[in-house]
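Below is one structure, written out as structure tokens, with a few remarks after it.
The values are calculated or read from the model by the stated rules, or taken from the named source; none is laboratory data. Remember, predicted model here, so these are calculated numbers, not experimental data. Quick reminder, even Gly has a Cβ in these numbers, built from the backbone with ideal geometry, and neighbours come from all protein chains shown. Accessible surface areas use protein heavy atoms only, side chains included; no ligands, DNA or RNA. Shrake-Rupley method; radii C 1.70, N 1.55, O 1.52, S 1.80 Å.
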2 protein chains.
Amino acid sequence: MGRVGDVCVLGSGLIGGSVLRAAAAAGRTVWGATASAQDAAAASAEGYPVTTDLAGALRRAADQDALVVLAVPLPAVAEVLRQVAATAPTCRLTDVVSVKAPVAAAVRRLVPEARYVGGHPMAGVATSGWAAGSATLFQDAAWVVTVPDQPAAGAAGGDPAVDLDVFREVVELALAAGAHVVPTTADEHDRAVAHVSHLPHVLAAVLAAVGAEAGPLALALAAGSFQDGTRVAGSHPELVTAMCEGNRSALLAAVDEALGRLGAARGSLASTGSLAKTITAGHLGRQRLDAQRSAEHTPARIDLTAPDALAALRALGARGGRITGLAGTTALAEAG
Amino acid sequence: MGRVGDVCVLGSGLIGGSVLRAAAAAGRTVWGATASAQDAAAASAEGYPVTTDLAGALRRAADQDALVVLAVPLPAVAEVLRQVAATAPTCRLTDVVSVKAPVAAAVRRLVPEARYVGGHPMAGVATSGWAAGSATLFQDAAWVVTVPDQPAAGAAGGDPAVDLDVFREVVELALAAGAHVVPTTADEHDRAVAHVSHLPHVLAAVLAAVGAEAGPLALALAAGSFQDGTRVAGSHPELVTAMCEGNRSALLAAVDEALGRLGAARGSLASTGSLAKTITAGHLGRQRLDAQRSAEHTPARIDLTAPDALAALRALGARGGRITGLAGTTALAEAG
């Protein structure tokens, strides 16, 4: 067993590169691997030990029982997991991929003995690459850490006690990076981000295309509403596409809800001329966002060794709560 | 005939109140009327001669041949125009209502002898009322000034020369307020704002409602894309509703385009799992907005007394150009 706190980051893009820097800034021993010789050279030049030798980085992780952070795009996950299985099959493992159920399924299939807890720091995709990363990218951001749906009774990933152990380690990493932790299941995470991250990207793309097609006069008259509504359409299209496609089934449901509401607005405007119901529902929705953000948070504590710890963590996330600290085996939380 | 440059503003909300202040700040003689005794008192206390005596304000406008600025919400337009017809039937008239064809139709019907040129300063609806206004609200904003579809050969509004005269006066007011002028027809304006102002409000409302319905976990994970995409859903819902409903037919067309693109995205995601076409089209659309904004503008001059002046103005607006100054009867412009 190595020192708790060692971190091995696989991938050197915006998120992986920022995890590496943030962990180093928090005093952890960190190293990384990337398929990009350029990124490895750039990171090394800045003093971060990043190599293109993935197997070597994983051997060191296995030797020192480091936390392995999978930080590659979803399409590359399976390939990298096969390398993990070959070199560090029982490692502590987390990831920072924007969708959780597909990654969890790939881990179960390809590295069934890994002690895996999924993660997703909620940071932007407007920029990408090692050079765009920073040690403070996750400051005040939400970092989802997944909790199993059920205590994993003998299933892949071992018993619940092991899960909570790795869970605590991932929480510590997130907190060290300046984030707060939102505990939830992989499926609930994927459903939530489909609605508040992937659907916004799809709607921004639709709006930007419709607006541009309306021509130069329309773009000349575009003010704040169009500017804000299309901002994320400026993000790297390949990354956005991969992110959205990776959450296909949850996103389909969210798109259907949007189609339903937009179709209802269309029908009402055409038949009675009224948009009051649509605009009022949107106003109330936005007020709920603002109210939740400005609400006083009730302090809470969750004993991670208690039999109902997983249920308590799931309930905390479901009502909009977060973990803001750890004291031994107790999670210090703010209820939603 | 009174002094050219006198301005009588009917309505004391965000836009009307700001026009009044901006015209006063530019050294014009201004007065106003409002149905709100509170607003009249507040404006008077700040030194602006605003009365609840609409007929009195209009008599003074008729006596001094002032430019009358109609600055009431669309539902109140007809009632105020009847008062204009009763007291100042041949006045120079413009408006600042967010939709142009319905106002132009009401003017033709109710005040057929008014020398009318429509206007629309592109300012937000996030706040409202006299207190929210300011003399600098229109600084660097686009201010649409309408041009007839055809030279008005003996039709309501008189001959083209008169139109261009009032046109120049409205342009002067907009420039004095710090705005630049986008010349276009009422129908083209309504189509453009349906796409870049009213559709964004509808989509923001749809997104806010769908996101809030997804629950507290989703709102806790909402980051920049949701925050930006729903910002205008925080605007005063009655004002947004009235603005969108007032542009019903153009907005229906824009909503249908959005429904078509969102439905196509849905179909592609469901059948092949791909969103590349949607996201790429959105990215290109947003790039067109950014490119148009950062483009070098070619200086241009339009002789407002030339026979093809109206056509030249329409063409300038259609290609994203703007008027930035007046030198006598020549409009100084930037081509798009």
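Summary of values
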{"quantity": "Count of region B:1-22 residues which are assigned to a helix (DSSP H, G or I) and closer than 12 Å to B:Val68 by Cβ", "calculated": "2"}
{"quantity": "Filter pass, B:Thr230 being of a type in the set (Val, Ile, Thr) and open to solvent by 10 Å² or more (accessible area, probe 1.4 Å)", "calculated": "no"}
{"quantity": "Some residue of region B:319-336 being surrounded by fewer than 19 Cβ atoms within 10 Å (Cβ to Cβ), at pLDDT below 95 and of a type in the set (S, T, N, Q)", "calculated": "yes"}
{"quantity": "Enumeration of residues in region A:213-242 that are in a helix (DSSP H, G or I), facing chain B (nearest Cβ under 7 Å) and within 26 Å of A:Ala194 (Cβ to Cβ)", "calculated": "A:Ser225, A:Phe226, A:Asp228, A:Gly229, A:Arg231, A:Val232, A:Ala233, A:Gly234, A:Pro237, A:Val240, A:Thr241"}
{"quantity": "Which numbered condition B:Val162 fails, given (1) open to solvent by 40 Å² or more (accessible area, probe 1.4 Å); (2) β-branched (Val, Ile, Thr); (3) at pLDDT 95 or above", "calculated": "(3)"}
{"quantity": "Out of B:Ala250, B:Ala281, sole residue that is assigned to a helix (DSSP H, G or I), more than 9 Å from chain A (Cβ to nearest Cβ) and surrounded by 14 or more Cβ atoms within 10 Å (Cβ to Cβ)", "calculated": "B:Ala250"}
{"quantity": "Residues satisfying the stated conditions in region B:177-193, i.e. more than 8 Å from chain A (Cβ to nearest Cβ) and either over 13 Å from the mean Cα position of the chain (by Cα) or not in a loop (DSSP other than H, G, I, E, B) (or both)", "calculated": "B:Ala177, B:Gly178, B:His180, B:Val181, B:Pro183, B:Ala186, B:Asp187, B:Asp190"}
{"quantity": "Condition broken by B:Val99, with the remaining ones in (1) buried (at least 22 other Cβ atoms within 10 Å of the Cβ); (2) within 18 Å of B:Asp163 (Cβ to Cβ) satisfied", "calculated": "(2)"}
{"quantity": "Condition met for B:Ala42 (in a helix (DSSP H, G or I), closer than 20 Å to B:Leu175 by Cα, in contact with a helix residue (DSSP H, G or I) (Cβ under 9 Å, 6 or more places away or on another chain) and open to solvent by less than 50 Å² (accessible area, probe 1.4 Å))", "calculated": "no"}
{"quantity": "Some residue of region A:55-66 being within 15 Å of the chain's Cα centre (by Cα) and either in a loop (DSSP other than H, G, I, E, B) or over 28 Å from A:Thr324 (Cα atoms) (or both)", "calculated": "no"}
{"quantity": "Total residues in region A:295-310, condition open to solvent by 50 Å² or more (accessible area, probe 1.4 Å) and more than 12 Å from chain B (Cβ to nearest Cβ)", "calculated": "8"}
{"quantity": "From the options B:Ala174, B:Ala204, B:Ala209, residue that is at pLDDT 95 or above, within 16 Å of the chain's Cα centre (by Cα) and open to solvent by less than 20 Å² (accessible area, probe 1.4 Å)", "calculated": "B:Ala174"}
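Residues are listed down the side, and each one gets a yes or a no for (1) open to solvent by 20 Å² or more (accessible area, probe 1.4 Å); (2) among the polar types (S, T, N, Q):
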| position | (1), (2) |
| --- | --- |
| A:Arg28 | yes, no |
| A:Ala33 | no, no |
| A:Leu58 | no, no |
| A:Leu70 | no, no |
| A:Leu81 | no, no |
| A:Val84 | no, no |
| A:Thr87 | yes, yes |
